[in-house]
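Trainee: One structure, pasted below without further comment.
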Amino acid sequence: MTIREAVSRWTISRCEPLVSDEYRASASDELRRISSTDPQWFRLWASGVLTDLVETLDPEDPWRNTGDQEGAVVLPDGSPFGDWRNATDLLPVPSEADPSLDVGLAALAQPLSPASSRVWLAAQSGRDAVLEALDGIDVGGAYSVAVPAIEWAMFRRRLFMGQEDAYIPQVCTAWTARAEHIARSEPWDESGAARLRAGSRVEPGSWRLLA
């Protein structure tokens, strides 16, 4: 299986909830394997995808404005980032206080690890900052750090753009080739990436309207 095919399958498994359990598990395993066999490509791909997803959130969105407080990643109000409760600024608190039983919050039932939260924070400073954070992780470990952060970014965009958010598959697929070019020190279409981001941003002010 090629890298492009692996990324396509992984992306589909995150965009289409009705794929089989076997399909989703296989797609995850294959991308995880690639993260070990071609760690440079994976770090470049993951840093590009995460940064573009975070950068296209509403500039006023608290999730786009996390900060560092004594080594912990926090929202602007000082609350810890990486917990399902972070999404209750836009979604109702589940009646049973169990996110795993709530269709709107189940995707966040597993908290972000501190390492994944740090990678999210780095994405606000740009792709190079994410890449630097991932470079410090042992080979084979970057997948379990980067992918949860990417999934949380997908979740947040969908609250504004809907489940059919076309930018998610576009950016995941586009960074497949971009990462290959960067790894080989070849030119890549940076202006095209910037245009795609500009045309895919969550409308400024959307968070304030929905919160």
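Trainee: Over all alpha-carbon pairs in the range 109-180, figure out the percentage whose distance exceeds 16 Å.
Mentor: Percent of Cα pairs beyond 16 Å in the range 109-180: 55.
Trainee: For a quick protection proxy, order the peptides 71-83, 38-50 by their average other-Cβ count within 10 Å, most packed first. Before the final figure, lay out the partial values.
Mentor: Numbers: 71-83: 15.2, 38-50: 23.0.
Sorting 71-83, 38-50 by mean packing, highest first, produces 38-50, 71-83.
Trainee: Can you tell me the mean projection area, over all orientations, of the convex hull of the range 43-210's alpha carbons? Units nm², please. Intermediate values should be presented prior to the final figure.
Mentor: Details: hull surface 40.3 nm².
For the range 43-210, the mean projected area of the Cα convex hull comes to 10.1 nm².
Trainee: Under a GNM of the chain (C-alpha, springs under 10 Å), which listed residue has the highest mean-square fluctuation: TYR167, TYR23, TYR143?
Mentor: Most flexible of the set in this elastic network: TYR23.
Trainee: Which value, in debye to the nearest 20, describes the size of the charge dipole of the chain about its Cα centre when Lys and Arg Cβ atoms bear +1, Asp and Glu Cβ atoms bear -1, and nothing else is charged?
Mentor: On the way: 20 positive and 32 negative charges, 77 e Å.
For this selection, approximately 360 debye.
Trainee: Let me ask another. Which of the GluC sites (Glu not before Pro) found in the range 136-211 are loop residues per DSSP with 15 or fewer other Cβ atoms within 10 Å of their Cβ?
Mentor: GLU164
Trainee: Label ALA183 and GLU164 with points 7 Å out from Cα along Cα→Cβ: what is the distance between them in nm?
Mentor: 3.4
Trainee: While we're looking at this one, here's another question. Give me the angle, in degrees from 0 to 90, between the Cα long axis of helix 39-55 and the longest principal axis of the Cα atoms of the chain, rounded to the nearest 10.
Mentor: Tilt of helix 39-55: around 40 degrees.
Trainee: Using only Cα atoms, find the angle between the long axis of helix 167-183 and the longest principal axis of the chain, and express it within 0 to 90 degrees, rounded to the nearest 10.
Mentor: Tilt of helix 167-183: around 40 degrees.
Trainee: Under 10 Å, Cα contacts only: if you run a Gaussian network model on the chain, which one of VAL19, VAL130, VAL103 comes out with the highest mean-square fluctuation?
Mentor: In this elastic network of the chain, the residue with the biggest mean-square fluctuation among VAL19, VAL130, VAL103 is VAL103.
Trainee: Considering the dipole of the chain built from charges on the beta carbon (Lys and Arg +1, Asp and Glu -1) around the Cα centre, which of GLY141, LEU90, MET1 is farthest to its positive end?
Mentor: With unit charges placed on the Cβ atoms, the residue in question is MET1.
Trainee: Using the per-residue mean of other Cβ atoms lying within 10 Å as a proxy for protection, in what order, highest first, do the peptides 53-60, 116-123 fall?
Mentor: Descending packing order for the listed peptides: 116-123, 53-60.
Rule-based calculations on the coordinates, nothing more; no lab input. It should be emphasised that the depicted structure is a prediction, and the values quoted were computed from it without experimental measurement. Here Cβ is always computed from backbone atoms with ideal geometry, including for glycine, and neighbour counts include all displayed protein chains.
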